[in-house]
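Novice: Provided herewith is a single structure, encoded as structure tokens, for subsequent inquiry.
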Amino acid sequence: MIRAVIGLILGALLALSAVIVLERDRADIVQQQMLWGDTPVTWMQRPASTGPVIIIAHGFAGSRQLMQAYQISLAKAGYVTFSFDFEGHGRNRQPMRGDVTAIDGTTRYLMQELARVTDRAIDAVGQANGLAYLGHSMASDIIIRQAIEDPRVATTAALSVFSLAITPDEPRSLLMINGQWEAGLRAAAQSVMQQIGASEGDRIRDVTGFARAALVAPMTEHVGILYSRAAIAEVIAWYDAEFGITRASPPSIAPYGAIILSGFAGIVMALGGLATLGFSGKPRRVLPIAPRAFWLAALLPALITPVVLRGASLPFLPVILADYLALHLALYGGLAIAILLITGHGSVIFPTPRRVLRSLWIGIGFGAVALGLMGLYLDRYVGSFWAGGARLLPFVMILIGALPAMIADAALISAARAPIWKRILVRFAFLASLGLAVALDFDRMLFLILILPVILLFYASFGFVYGRLGRGQAAVLGMGLALGLSLAWALAASFPLFQAG
């Protein structure tokens, strides 16, 4: 009980401190949220700033919030910045369109959207004192191609970059930064530099205006680069050199990644303490699962589900792979629960009517509170975490599958009371089933690979909080309901809306 109180207090203080620091950091810039057509846009700058305009574009399954560390830092450095949500991403109501494998398909639509945002940004500012692009991952290719076509773009900075549009001559001014642990992308950037007789780490700039560099953000990977202070500093320095801006000293850059992570960890700690303290009652136990039933329920669904569902889909769902996820989760969880019922372990999930009702209100009530608090924080400081509008149907469909899958998860780990090896095994088996689905149908299921980090983060955060809830109350059903609700919301909010053709 004392540990729970300490966790609640320390976690709340840590989260509050992080929020205060993050809000103070942006207090001296003007921020405006706009909707240009279907495209949500965030405009940030210092009051009365007339600096060059920077258009900031996120990567696949990203949103404006993911680019905030760069946008805020650039705005504080005097630049006029605009970030936006691409079609299908974040709050953008327009789905991604076209053939994702063709340059004249999805890529062309995204380039057109970037061009529209560029035109509107220049109109909004008036006479822009220069124009530049900044993009991450998928957007690196989009901004490079558009910069080549649009002579107004003076320079381009690309993070985690790969683009077949780069030539020895175009774009005329290009900064490439990859994370230290992005070996494949670093090799591609090195190849680009070798075309002009240079190497990674070189900065080329001549009197004709041609400029190119391939740099490395230390100790980072594909996501970490979005919070790399070294990378942010290099981007600002590159723009300063391009636009002839001199400074008495380098601009101060906050450790955004560490602050955001500490704040989220604080929320998780506080909710974990609240889960232990918030529901009083006499100690209860979870009925044990016999070894044979455990192994069957933990492993058999992981093997059967991807084989049975190979090629299956619900094509009316507008979120990429939401159809398959809904089916995979439903069959996976249904098989596991069926095995437990057949082997006589149904009372693990449904002990008594009274405890079932208690689990229901505990799981739904606390799950909604935890999802709301963590979701608001993530949506403000990390990435779009809203599953409303066009994402509501995918959320409901994924929820139908996520509930049995997560109830089975909670049962197999005895409401987080099982030994650590069992908890790891059960969750590894689920991830392995998704991996097997990718292996069986690689071309169609490729995007499932991107879900794995989301689920790992989900287990580390929501899984920890609801584990405390389940362990304290022996509430298998309540823990499973909360996990299912949060997993369905996270998946529906994270992946892009897509309309083929």
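Just so you know, all these numbers are worked out from the coordinates, no wet-lab data involved. Worth saying up front: this structure is predicted, and the values here are computed from it rather than measured. Cβ: placed from backbone, ideal geometry, glycine included. Neighbour counts: every protein chain shown.
Novice: With the cut-off at 1.5 for a/c, could you classify the chain from its C-alpha gyration tensor as rounded, prolate or oblate?
Specialist: Taking the square roots of the gyration eigenvalues as a ≥ b ≥ c, the chain is prolate.
Novice: What is the stretch 279-499's relative contact order, in percent, from Cα pairs under 8 angstrom and six or more apart in sequence?
Specialist: 36 percent
Novice: Alpha carbon centre of the stretch 348-390 versus the stretch 200-260: separation in Å?
Specialist: Here the two parts' Cα centres lie 40 Å apart.
Novice: Let a ≥ b ≥ c be the square roots of the eigenvalues of the Cα gyration tensor of the stretch 1-120; is it rounded (a/c under 1.5), or, if not, prolate (a/b larger than b/c) or oblate?
Specialist: Verdict is oblate for the stretch 1-120.
Novice: Name the residue farthest towards the positive end of the dipole of the chain from the options Ala214, Ile72, Ile2, assuming +1 on Cβ of Lys and Arg, -1 on Cβ of Asp and Glu, about the Cα centre.
Specialist: Ile2
Novice: Multiply the residue separation of Ser262 and Arg108 by 0.36 nm, subtract the distance between their alpha-carbon atoms, and state the gained length in nm to one decimal.
Specialist: Full extension from Ser262 to Arg108 adds 51.5 nm.
Novice: Further, regarding this structure: Rounded, prolate or oblate: which one fits the stretch 279-499, using the alpha carbon gyration tensor with axes a ≥ b ≥ c (rounded when a/c is under 1.5, else prolate when a/b beats b/c, else oblate)?
Specialist: On the way: a/c = 1.90, a/b = 1.24, b/c = 1.54.
Since a/c reaches 1.5 but b/c is at least a/b, the shape of the stretch 279-499 is classed as oblate.
Novice: Give a residue-ordered list of calculated ³J(HN,Hα) values for the stretch 257-272 (Karplus: 6.51 cos²θ - 1.76 cosθ + 1.60, θ = phi - 60°; whole Hz; x for Gly, Pro).
Specialist: x, 5, 5, 4, 5, 5, x, 5, 4, x, 5, 4, 4, 5, 5, x
Novice: Highest mean first, what order results for 288-297, 264-273 on Cβ atoms within 10 Å?
Specialist: Top of the packing list down: 264-273, 288-297.
Novice: Find the relative contact order for the chain and round it to a whole percent, using C-alpha pairs within less than 8 Å whose residues are 6+ positions apart.
Specialist: Numbers: 929 pairs, mean separation 89.9, N = 501.
Relative contact order comes out at 18 percent.
Novice: Can I ask one more? Which length gain, in nm to one decimal place, applies between Arg3 and Leu360 when the Cα-Cα distance is subtracted from 0.36 nm times their residue separation?
Specialist: So the extension gain works out to 125.9 nm.
Novice: Net charge near Ile166, counting Lys/Arg +1 and Asp/Glu -1 over other residues with Cβ under 10 Å of its Cβ?
Specialist: -1
Novice: Another question, then. Run the numbers for Phe464 and Ala390: contour at 0.36 nm per residue of separation, minus the present Cα-Cα distance, in nm.
Specialist: 23.7 nm
Novice: If amide hydrogens are placed 1.01 Å from N in the peptide plane, which non-local residues have theirs closer than 5 Å to the one on His89?
Specialist: Result for His89 returns Leu497.
Novice: Between Thr208 and Leu277, what is the spin-label point distance in nm, taking each point 7 Å from the Cα along the Cα→C-beta axis?
Specialist: About 6.8 nm separates the two model spin labels.
Novice: Now, a different point. Taking +1 at the Cβ of each Lys and Arg and -1 at the Cβ of each Asp and Glu, which of Ala460, Val286, Trp181 sits farthest along the dipole of the chain towards its positive end, judged by Cα position relative to the Cα centre?
Specialist: Positive-end residue among those listed: Val286.
Novice: So what's the net charge close to Trp361: Lys and Arg +1, Asp and Glu -1, counting the other residues with Cβ under 14 Å from its Cβ?
Specialist: Cβ neighbours under 14 Å give a net charge of +3.
Novice: Here's something else I'd like to know. Hey, can you rank 308-315, 238-245, 404-411 by average C-beta count inside 10 Å, highest first?
Specialist: Listed from highest to lowest mean packing, they are 404-411, 238-245, 308-315.
Novice: OK, next. Enumerate the calculated ³J(HN,Hα) couplings along the stretch 290-305 in order (Karplus 6.51 cos²θ - 1.76 cosθ + 1.60, θ = phi - 60°), each rounded to whole Hz, writing x wherever the residue is Gly or Pro.
Specialist: Along the stretch 290-305, the couplings run 4, x, 4, 5, 4, 5, 5, 6, 7, 10, 4, x, 5, 8, 6, 4 Hz.
Novice: Over the stretch 1-135, what is the relative contact order in percent, taking alpha-carbon pairs closer than 8 angstrom and at least six residues apart?
Specialist: 25 percent
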